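The values are calculated or read from the model by the stated rules, or taken from the named source; none is laboratory data. From a predicted model like this one, the values you see are computed outputs, not experimental measurements. With ideal geometry, Cβ positions are generated from the backbone for all residues, glycine too; neighbour counts draw on all protein chains shown. Protein only, heavy atoms only, side chains kept; ligands, DNA and RNA dropped before computing areas. Shrake-Rupley method; radii C 1.70, N 1.55, O 1.52, S 1.80 Å.
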Amino acid sequence: MANKISLNELTSAIEKEVRNWTKDALDDVNSIKEDIAKEGVNQLRSTSPVRTAEYATNWTRKKIKVGNETNQIIYQKAPTYRLTHLLEKGHAKRNGGRVAPKVHIAPVEEEWTNVKYLDTK
């Protein structure tokens, strides 16, 4: 049975329900963002080139609070953050020539920025 409210309390009751719905929706979105960031980090760790394990294990994520929203940023920790561009794009060798690129960031970015993830939840 529905709660009975007076006409005077109708506005505050609607406001309260909209706030509850907004909070629930925002919590769901933040949870999905966190799941995507975790999966992205795990995939980057598994697809990163391995000369030493340090580069692959330095992938991590950070939460950034913006108002009521929580954004996730995936990044490479120090000291190996300098290698990301060189490995992804290739670079010049010391004695001439070029090192072939080892594309490992772009496929993960393409996969996890796709909206299809939202359809599966």
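Here are the numbers for this structure:
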| read-out | value |
| --- | --- |
| Meets criteria (in contact with a helix residue (DSSP H, G or I) (Cβ under 9 Å, 6 or more places away or on another chain), within 12 Å of Val108 (Cα to Cα) and not β-branched (Val, Ile, Thr)) for Glu54 | no |
| Every residue from segment 38-65 that is in contact with a Phe, Trp or Tyr (Cβ under 9 Å, 6 or more places away or on another chain), part of a helix (DSSP H, G or I) and in contact (Cβ under 8 Å) with a residue 40 or more places away in the chain | Glu39, Gly40, Gln43, Leu44 |
| Output for segment 51-70, where each listed residue is surrounded by 12 or more Cβ atoms within 10 Å (Cβ to Cβ) and either at positive phi or of a type outside the set (Asp, Glu) (or both) | Tyr55, Ala56, Thr57, Asn58, Trp59, Thr60, Arg61, Lys63, Thr70 |
| Residue check for Asn95: touching a residue at least 40 places away in the same chain (Cβ under 8 Å) and not hydroxyl-bearing (Ser, Thr, Tyr) | no |
| Among (1) open to solvent by 90 Å² or more (accessible area, probe 1.4 Å); (2) part of a helix (DSSP H, G or I); (3) of a type in the set (D, E, K, R), the one test that Asp27 misses | (1) |
| Residue within segment 87-109 that is in contact with a strand residue (DSSP E or B) (Cβ under 6 Å, 6 or more places away or on another chain), open to solvent by less than 100 Å² (accessible area, probe 1.4 Å) and closer than 30 Å to Asp24 by Cβ present | no |
| Residue in segment 79-90 that is in a helix (DSSP H, G or I), among the aromatic types (Phe, Trp, Tyr) and either touching a residue at least 12 places away in the same chain (Cβ under 8 Å) or more than 30 Å from Thr22 (Cβ to Cβ) (or both) present | yes |
